Amino acid sequence: MSVIDSDQGARRVAAAPEEVWDEKALQSSQRKNLLTVMGWRAVLLVAFVGAWQATSGPVIDPFYVSTPSDIATRLWEWLRDGTVATHLYATLQATLMGFVIGGVVGIGVGFFLGRSPLVARVVDPYIIAIYSLPKVALAPLFILWFGIGMTSKVVLAATIVFFLVFYNTYAGVRAVDRDLVDVVRLMGGTRRDILRRVVLPSSATWIFNGLKISVPYALIGAVVGELTASDRGIGFVLKRASGTFDTAGVFASLVILMVVATILNQMVVYGERYVDRWRSTPT
Amino acid sequence: MTGSSASVGPGAATADLAPGRPVISAQGVSKRFRRKDQVVTAIKDVDLDVSSGEFVCIVGPSGCGKSTLLNMSAGLMEPSKGKLLFAGEPVTGPNTSVGYITQKDNLMPWHTVEGNIGLALHIRKTDKAKARARVAEMIEMVGLQGFEKSYPGELSGGMRKRVTLARTLAYDPPVLLADEPFGALDAQLKLVMQAEMQRIWAETGKTILFVTHDISEAVALGDRVIVMSSRPGQVKVDRRIDFPRPRDVFKIRHQPGFADLAEELWDILAADMHSGEDM
Ligand SMILES: Nc1ncnc2c1ncn2[C@@H]1O[C@H](COP(=O)(O)OP(=O)(O)OP(=O)(O)O)[C@@H](O)[C@H]1O
Ligand SMILES: [Mg+2]
């Protein structure tokens, strides 16, 4: 090691602490903020549950609000005897299948109509008419057609998802820049090239957005189907509890749905991050 | 979109482009646009022949239909009246024999500079290694080394214009339509690109139809300069430029006769200038 080398080394060491110190201060203040937020959240939760527990009985009739301890007990029972596993599995299966089927068909039809303006103009009023119909109102019809089993739930979830995804895909395909299509055509591109090189990448953001907003709706479709008529699923459990005036059971079902919906939404957030990362790197 | 076998449409890359024959031939071409309840006549009774291997520059007031003429030559629009022939055949669909550097840089925002420049090569299924080498060559030609992985959104207007130029030259189309390709460049870079354009033209024997706002650019580059009138655009003057080739674009402005010629064309153009502006 030469003298000059060590001299440079020393200078580097001398310069370093200042930067590192800055960053550390920033990090620790961020961590402190996070801790404060988390702390207050915990306090809020404990206070709410505590108040619920304390007032149920002396102040409010437990028939209406049950108690947190009863709900927890019920959840624990259901977890142990397999109620949650069986029925949650049924609900999630209907949700997932509805999401996939509705999504795939929605993207397909969206693309087809987006690329065939004449057909799109012909069917436009009918699509708007069906689109404006509250889709959950179709539940009784689907039960009539497909029975009280899984199929009617899948169809209901798929129908709701279909319209959301279809509409977004269609809008995305319509928004494609004509000039970019012309670029590819002048280069001798085929219809497939246009689809692959322009339409698909340009509408990808729209399609993903459609899929994203559909996730919670797929769950809604499945649960509404189960509430209408079924022999399985969390919606069924919820309805059965309500029918037997089992308030703790009703709340326990709602807690399960809340947890599932939160997890699904969180998955969408992560999925979005993943897709964004993919979008920002070259193909 | 499906043209008959006799007309120019997709897959017509083998059109007859023998030197000296007319490549683009406008015969009494007019174009009208309908905007709401108002009809705009962009160009009126334009006659223009561009021969194979010729470098033709068009100048004209804004809105006189220069881009419209190029759009029709590319087969992206049809004339409302008259005939527009390419290599002797009517243009009925996207003309794949032309490379079109449009006025607006129509780059794919989801592709990098590299991806954009290689687009036509990928579409035409050029061998991967060859395509890569060609893209690198083009990037160097337009001076965008170091920006290979950038997205169009991260580039300046002049840089995007250069990517468009590189993308079009990359697949070596026999005919070039260029709509103000150097308009967004600074004076120095503009001269460099003009020299490059002239070199490519001389080496490849391409036919070039070149729209510009810059009269000295038109005179420096063109075999002919077409001056159009204000809207409805008509050919006002079709002037042959006889400066010997190859021309030194850096110095030609000081050559005897250049200033006079530019001034003469400028006077013709200026007579129409303000009446034709879209306001
Ligand atoms: N697709 C279109 N629809 C309606 N009007 C159009 C269309 N394209 C061009 N025009 C009109 O035709 C006229 C000529 O337009 P064009 O773009 O060809 O002019 P230009 O000579 O290229 O002008 P500039 O020098 O400003 O680019 C303008 O009045 C324009 O508004
Ligand atoms: Mg123009």
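The values are calculated or read from the model by the stated rules, or taken from the named source; none is laboratory data. Model, not experiment: these values are computed from the prediction. Quick reminder, even Gly has a Cβ in these numbers, built from the backbone with ideal geometry, and neighbours come from all protein chains shown. We work out accessible area using only protein heavy atoms, side chains counted, and drop any ligands, DNA or RNA first. Shrake-Rupley method; radii C 1.70, N 1.55, O 1.52, S 1.80 Å.
For this structure, a couple of remarks:
- Among A:126, B:143, B:205 the positive-end extreme of the charge dipole of the protein assembly as shown (Cβ point charges): A:126
- Entry comment: accessible area of chain B is 44 Å² per residue, from protein heavy atoms only and a probe of 1.4 Å.
- With the convex hull drawn over the C-alpha atoms of the range B:74-156, the volume per residue is 135 Å³.
- Pair residue A:69, residue B:129: separation of 7 Å Cα→Cβ label points (nm): 7.9
- Choice from B:98, B:113, B:40 with maximal GNM fluctuation in chain B (Cα, 10 Å cutoff): B:40
- Considering only A:253, A:230, A:132, the Gaussian network model of chain A with Cα springs below 10 Å gives its largest mean-square fluctuation to A:132.
- The count of lysine pairs in chain A that are at least 8 places apart or cross chains, and whose C-alpha atoms lie under 23 Å apart, stands at 6.
- Nearest-10 value in Å² for the accessible area of residue A:179, using the 1.4 Å probe: 60
- Shape category assigned to chain A from the gyration tensor of Cα positions, a/c cut at 1.5: oblate
- When the Cα positions of A:163, B:131, A:205 are compared along the charge dipole of the protein assembly as shown, A:163 comes out farthest toward the positive end, with charges on each C-beta of Lys, Arg, Asp and Glu.
- Computed about the Cα centre, the dipole magnitude for chain A is approximately 800 debye when only Lys and Arg (+1) and Asp and Glu (-1) carry charge, each at its Cβ.
- With Cα atoms as the point set, the radius of gyration and Dmax of the protein assembly as shown evaluate to 33.9, 107 Å.
- Debye log10 I(q)/I(0) at q = 0.14, 0.22 Å⁻¹ for the range B:115-172, Cα point scatterers: -0.32, -0.78
- Options B:194, B:266, B:215, ranked by Cα towards positive dipole end of chain B, top entry (Cβ charges): B:194
- Debye, to nearest 20: dipole size of the range B:115-172, +1 on Lys, Arg Cβ, -1 on Asp, Glu Cβ: 180
- Over 20 Å apart at the Cα level, from the set B:130/B:190; B:66/B:161; B:31/B:66, are B:130/B:190.
- Overall dimensions of the range B:11-134, expressed as equivalent-ellipsoid semi-axes from the Cα gyration tensor (√(5λ), whole Å, largest first), are 29, 20, 13.
- For GluC sites (Glu not before Pro), the sites in the range B:202-279 that DSSP calls loop and that have at most 15 other Cβ atoms within 10 Å are B:277.
- Phi-based couplings in Hz for the range A:104-113 (Karplus 6.51, -1.76, 1.60; Gly and Pro marked x): 5, 5, x, 5, x, 5, x, 5, 4, 5
- Compactness of the range A:63-185 is given as radius of gyration and Dmax, 20.9, 70 Å, from Cα positions.
- Among A:160, A:143, A:128, the largest mean-square fluctuation in a Gaussian network model of chain A, built with springs joining Cα atoms closer than 10 Å, belongs to A:128.
- Loss of accessible area when B meets A, both sides summed, Å² nearest 100, probe 1.4 Å: 1900
- Rounded to whole Hz, the Karplus (6.51, -1.76, 1.60) HN-Hα couplings of the range B:45-52, x for glycine and proline: 6, 8, 10, 7, 10, 10, 7, 4
- Overall, the protein assembly as shown carries a charge dipole of about 1320 debye about its Cα centre when +1 sits on the Cβ of Lys and Arg and -1 on the Cβ of Asp and Glu, all other atoms neutral.
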